[in-house]
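Undergrad: First the structure, which I've put down as structure tokens, then a few questions once you've had a look.
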Amino acid sequence: MQTIPQGGTIGILGGGQLGRMMAMAAAQLGYRCIGYAPEGDNVASPVCADFFTKDWDDRPALAAFAQKCDVITWEFENVPVDTVKALPQDRVPCGHRALEVAQDRMAEKRFVEGLGGRPAPHAAIHSADDITQAAERIGTPAILKTCREGYDGKGQWRVDSAHDLSGLPTPTQPCVYEGFVRFDAEFSVILARGQNGEIRFWDSALNEHEGGILARSILPAPDHVTRHIEAARDLARQVADALHYVGVLTLEFFATADGPVFNEMAPRVHNSGHWSIEGAATSQFENHIRAICGLPLGDTATLGSVEMRNLIGAETGSAFSLLSDPANHLHLYGKASAREGRKMGHVTRVTRV
């Protein structure tokens, strides 16, 4: 097990808000962070000691970045696998296999099925004929998703009935046709896995979505969620171990009458775990840093009743008014423009028990 001493340097691939919060957690433990991402609104940059604004395929820049880092991680799952492979592998404890699986929805579903998990009914799509055949076999309603990229409702088309099939785009890249799942609730299983294989779970929150975007995460979750958590954790543990993953890993599930149905995974810290900054003994961000740096994992106990709400788009215009309630904890990400559907920050309300 490799332990990074205090004062060491952590490299973060990606410049978004997850990297920003990761760097802030690292600073508490005496580490400095260096970011790497292409040109963009890299809100992690102001809280990093250095930042490389370079393309993912710039090999000389990647080499210079890696030379400055003792350990390297990422803050979102669409960092190109070839970029990670170009780095010294002894400095990437998370490995690249988790990215390979998570970046392709069909590969992800097959991987989980191989471990005994149950995803939604689905079919691989490469042509318009494939869509027709999938609709006949799986039925409607359903959703057509690109296999790669796409998040928060992007790269997805809803199919409410067979009549909608004619309005779908002709696939120009591999897609997956996914039948709707009748569910009572959505929830996440978030774990941290250390270099020694130790795993710790946070309590699972009830997740509420609006327009395909996470709106709220609420703890404690109701009984119709908690009864599924043991089975969902068992699958999540198998996924983490099979990938030899190090760090925070998230699996999203539907709670159904027949048990938990796997939705998707994210090998990273996750929006539905933001509540843990104030609402848990150790946040997901701190435990991710602890894991990749070879430190003991922290206690994940929930500290009270918690609700995390995302601040989307123009909602941040009145965000400071939330501070009039002392139970609220406000996090703004410093993004330049408040576009519709863009996560600009979050507020967590904690009621101590």
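The values are calculated or read from the model by the stated rules, or taken from the named source; none is laboratory data. What you are looking at is a predicted structure, and each value in this text was computed from that prediction instead of being measured. Every residue, glycine as well, gets a Cβ built from its backbone with ideal geometry; the counts of neighbours run over all protein chains shown.
Undergrad: Output the residues belonging to segment 50-69 that are among the charged types (D, E, K, R) and buried (at least 19 other Cβ atoms within 10 Å of the Cβ). Outline the logic, then answer.
TA: Let us first name the residues in segment 50-69 that are among the charged types (D, E, K, R), namely 50, 54-55, 57-59, 68.
Scanning segment 50-69 gives no hits.
Undergrad: Can you work out which of the residues in segment 88-124 that are free of Cβ contacts under 8 Å to residues at least 60 places away in the same chain and among the aliphatic types (A, V, I, L, M) is nearest to Glu39 (Cα to Cα)?
TA: Residue satisfying both the conditions and the ranking: Val92.
Undergrad: Still on this structure: Just to be sure, is Ser305 of a type in the set (Gly, Ala, Ser), surrounded by 16 or more Cβ atoms within 10 Å (Cβ to Cβ) and at pLDDT 95 or above?
TA: Details: of a type in the set (Gly, Ala, Ser): yes; surrounded by 16 or more Cβ atoms within 10 Å (Cβ to Cβ): no; at pLDDT 95 or above: yes.
In short, no.
Undergrad: Among the residues of segment 157-195, what is the count of those that are in a loop (DSSP other than H, G, I, E, B), under 23 Å from Leu214 (Cβ atoms) and either at pLDDT below 85 or touching a Phe, Trp or Tyr at 6+ places or on another chain (Cβ under 9 Å) (or both)?
TA: Within segment 157-195, the first condition is being in a loop (DSSP other than H, G, I, E, B), and the residues that meet it are 160-161, 168-174, 180-184, 194-195.
The next check asks that each one be under 23 Å from Leu214 (Cβ atoms); those that pass are 160, 180-184.
If we keep only those that are either at pLDDT below 85 or touching a Phe, Trp or Tyr at 6+ places or on another chain (Cβ under 9 Å) (or both) as well, we get 160, 181-184.
Number of matching residues: 5.
Yes/no matrix, rows are residues, columns are (1) assigned to a strand (DSSP E or B); (2) charged (D, E, K, R); (3) surrounded by fewer than 17 Cβ atoms within 10 Å (Cβ to Cβ):
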position: Glu286; (1), (2), (3): no, yes, no
position: Leu295; (1), (2), (3): no, no, no
position: Asp299; (1), (2), (3): no, yes, yes
position: Arg309; (1), (2), (3): yes, yes, no
position: Ala314; (1), (2), (3): no, no, yes
position: Phe320; (1), (2), (3): no, no, yes
position: Leu330; (1), (2), (3): yes, no, yes
position: Ala336; (1), (2), (3): no, no, yes
position: Thr348; (1), (2), (3): yes, no, no
